[in-house]
Amino acid sequence: TLFTFADLARLDVRALQGLLRTLDAELLVPALRAAPEALRDRLLEAMPQRAAEALRDEIANRGPVKREEAEAAQKAIAAAARRLAADGQLS
């Protein structure tokens, strides 16, 4: 199955946690900054509270993110989800 960034909202919390553990925080900031609020909240809820708070602060304090940077980060996260799914680690 082809994963898009928006499809992450359909994953359960355990699957999201597994995915988030594989990601660099530098990818998450621009991707989440440009994400719809509901999807951003869903991903942050899957994180440990302290990590989510730190990420929220970084998102709030980061200046504007270029659309290209945000889209590239979202595509990289979707690609990571596809790799995990292909490896049977994500469903």
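Assign one of three labels to the chain, namely rounded, prolate or oblate, based on the Cα gyration tensor with a ≥ b ≥ c the square roots of its eigenvalues; rounded applies when a/c is under 1.5, prolate when it is not and a/b is larger than b/c, and oblate otherwise. It comes out oblate by the Cα gyration axes. Counting only DSSP H runs of at least 4 residues, each contributing -39500 (n - 2.57), and dividing by the residue count of the chain, the helix-based mean residue ellipticity at 222 nm comes to -21000 deg cm²/dmol. Put a plus charge on the Cβ of each Lys and Arg, a minus charge on the Cβ of each Asp and Glu, and nothing anywhere else: the dipole of the chain about its Cα centre is then about 120 debye. Each Cα pair under 8 Å and six or more residues apart adds its sequence gap; the mean of these over the residue count of the chain is a relative contact order of 48 percent. Suppose R0 equals 22 Å. What FRET efficiency, 1/(1 + (r/R0)^6) with r the Cβ-Cβ distance, do L27 and Q49 give to the nearest 0.05? FRET efficiency, L27 to Q49: 0.60.
Values in this text are rule-based calculations from the coordinates and carry no lab data. Since the structure is predicted, the reported quantities are computational estimates derived from the model, not experimental observations. Methodologically, a virtual Cβ is constructed for each residue, glycine included, from the backbone with ideal geometry; neighbour enumeration extends over all protein chains shown.
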